[in-house]
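To start, the structure itself, in structure tokens.
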Amino acid sequence: MIDVNALSDKWVAEVEAASDLAALDSIRVTALGKKGEITGMMKQMGSLSPEERKETGQALNKLKNAISDAIDARKTDLEDAELDARLAQESVDISQTVRPRRKGTIHPISQTVDEMIAILGEMGFTLAEGPEVEDDYHNFTALNMPADHPARQMQDTFYMNGHSGDEGSLVLRTHTSPVQIRTMLSEKPPIRIICPGRTFRCDSDATHTPMFNQVEGLVIGKDIHMGHLKGCLLDFLRAFFNEPNIKIQLRPSYFPFTEPSAEVDIGCSRQGGELKIGEGNDWLEILGCGMVNPRVLEACNIDPNEYQGFAFGMGIERLAMLKYGIPDLRTFFDGDVRWLDHYGFDALDQPSMVGGLSR
Ligand code: DAH
């Protein structure tokens, strides 16, 4: 007589010990497959007496069911464990901060422009743009520099092929000031714009590159005066250099497109050969500005008896060098990845007045 209980215990123990689905399946084949042990026992029942056959048949069916049930239960357990392991491996921890691979970085020029936009945008300025290939009229004449004006020689102009400086010539813009003209011609006052962009001069040495960046500011309104200009620049420079006590001074100067014109110095110290912004009793020239010349307003069909305004212009590389301690102007344009690794900024840290300008 077959000992069903002993056989059942043996197979169930084997099934429960199966460590994965493949092992479980091979147990199933060995026990219940076509050539399996239990199947073989069933085949031998033909030689038994009808009495014995009934008894053995019932016992073997019970055994078969017990093994099948154990296999099903083990299968469910193994599948669950497999799924758990996969989920644990595939999970994304959303509480982890992003660690960008410091491969690509934001160029200090782009960073500085974004910082300026963050500060001046907060102060109500909007962004304006103009073409880099400009005509003589917008770059010079409308800015109160008619042909043969000596101030034209202050700027070593790149003329486009076949153009020689006559009215209507095309030039690479020598400053961002022509965007003032374009804005005043296309918009009605009040106006409050900044225009960052590339500018070009035929000049190349340790402190000049043929292409460089400027940002221009323009405010036109009915009661604008030099106090507004000074206050605006002071707020801007304090925010930009993150030095709440920075001092500035306006020195009389000359630009054809402003009257009066001034150059702005910021307070600094140069003790021991080291330049520190916002400390000490020294001064450092940083930008040009003034009240928009009435002749420029007239050229843009704005009545100077009704409207006044101020303008300022500054070099972006210079400000970036001062703020971030970059010693050599020419390195801005070398495209050296090691330099960018060192001086570049994290692409995920967008400058803002709330979140901070730079980290
Ligand atoms: N356009 C001048 C330059 O390139 C900079 C400048 C000075 C712009 C005074 C201004 C200004 O708007 O008022 O040197």
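In this simple spin-label model, placing a label point 7 Å from the Cα along the Cα-to-Cβ direction at both residue 153 and residue 234 gives a separation of 3.9 nm. Loop-located trypsin sites (Lys or Arg not before Pro) in the range 152-237 (DSSP state other than H, G, I, E, B) with a sparse environment of at most 10 neighbouring Cβ atoms within 10 Å: 222.
When only alpha carbons are used to place a centre, the range 217-288 and the range 109-140 end up 18 Å from one another. The range 7-55 gives an Rg/Rh value of 1.12, both radii derived from C-alpha positions and Rh following Kirkwood. Taken about its Cα centre, the range 111-150 carries a charge dipole of about 160 debye when Lys and Arg each add +1 at the Cβ and Asp and Glu each add -1 at the Cβ. Under 18 Å from a label point set 7 Å out along the Cα-to-Cβ vector of residue 16, the amide N atoms of the range 34-78 belong to 63-78. Of the whole protein surface, residue 253 contributes about 40 Å² of accessible area at a 1.4 Å probe radius. When each of the peptides 302-315, 4-17 is scored by the mean number of other C-beta atoms lying within 10 Å of its residues, the order from highest to lowest reads 302-315, 4-17. Taking GluC sites (Glu not before Pro) across the range 155-242, the ones in a DSSP loop with at most 16 further Cβ atoms lying within 10 angstrom of their Cβ are 167, 187.
By a 1.4 Å probe calculation restricted to protein chains, residue 353 has an accessible surface near 80 Å², given to the nearest 10.
The residues of the chain expose on average 56 square angstrom of accessible surface per residue, using a 1.4 Å probe on protein heavy atoms. Once the dipole of the chain is set up with Lys and Arg at +1 and Asp and Glu at -1 on Cβ about the Cα centre, which of 310, 253, 42 lies farthest towards its positive end? Result: 42, furthest along the dipole toward the positive end.
Charged side chains reduced to their Cβ positions (Lys and Arg at +1, Asp and Glu at -1) give the chain a dipole of some 500 debye around its Cα centre. Remark: relative contact order (the chain) = 16 percent; criterion is Cα-Cα distance under 8 angstrom and separation of 6 or more residues.
Projecting the Cα atoms of 81, 275, 31 onto the charge dipole of the chain (Cβ charges, centred on the Cα centre) puts 31 farthest toward the positive pole. Springs between alpha-carbon pairs under 10 angstrom, Gaussian network model over the chain: which of 239, 59, 320 fluctuates most? Its mean-square fluctuation being the largest, the pick is 59. Rounded to the nearest 500, the helix-only mean residue ellipticity at 222 nm of the chain stands at -12500 deg cm²/dmol, with each DSSP H run of n ≥ 4 adding -39,500 (n - 2.57).
The values are calculated or read from the model by the stated rules, or taken from the named source; none is laboratory data. What you see is a predicted model; the values in this text were computed from it and never measured. Don't worry about glycine lacking a Cβ; one is built from the backbone with ideal geometry, like all the others, and counts go over all protein chains shown. Surface areas here come from the heavy atoms of the whole protein model, side chains and all, with no ligands, DNA or RNA. Shrake-Rupley method; radii C 1.70, N 1.55, O 1.52, S 1.80 Å.
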